[in-house]
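All of the numbers you see were taken from the coordinates with simple rules; none came from a lab. What you are looking at is a predicted structure, and each value in this text was computed from that prediction instead of being measured. Cβ: placed from backbone, ideal geometry, glycine included. Neighbour counts: every protein chain shown.
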Amino acid sequence: MLGAVLVFPDSFTNIVTITFSALIVCECLNVFSEVHRINYKMVISSVVTLMVYFMSIALLRSYFDVSYIDWPFCLKVVAITVASWAPLHLAKKCYECYDPSEQ
């Protein structure tokens with residue numbers, strides 16, 4: 001959140017929309033990057049998560065600025081998501097490469 005406030009000088013409502021969206025995407029990426037085998041329950045739960053996310057944007061209009069959601073918004077969400085998810089994921093992959101499990 002602090003990074004979004006410093007990097008994107010938008011209104012607070014727009015920053016909340018960006019960071020909440022990045023949080024949802026990052027959590028879905030965390031789930032799928034930690035498992036070894038994807039099953040239908042995981043896919044269904046991710047779809048339900050995204051449905052609840054879109055419903056919350058539609059229902060909580062005082063917290064989310066819907067008119068602000070466009071391509072620059074999507075690029076900002078991707079930037080925040082990559083900045084928060086990719087370093088840990090890459091560190092985990094490097095660790096697995098240099099110190100593989102004995103399975």
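Taking Cα centre as origin and charging only the Cβ of basic (Lys, Arg, +1) and acidic (Asp, Glu, -1) residues, the dipole magnitude of the chain rounds to 180 debye.
Calculated from DSSP H runs of 4 or more alone, at -39500 (n - 2.57) each and per residue, what is the 222 nm mean residue ellipticity of the chain, nearest 500?
Working: 4 runs with 77 residues, N = 103.
-25500 deg cm²/dmol, from helical runs alone.
Pairs of Cα atoms nearer than 8 Å and 6+ residues apart set the relative contact order; for the chain it is 41 percent. With the charge dipole of the chain set up from +1 on Lys and Arg Cβ and -1 on Asp and Glu Cβ about the Cα centre, the Cα lying farthest toward the positive end among the listed residues L29, C74, L50 is that of L50.
A straight Cα-to-Cα reach below 15 Å connects K93 with the aspartates and glutamates E34, residues fewer than 8 places away in its own chain not being considered.
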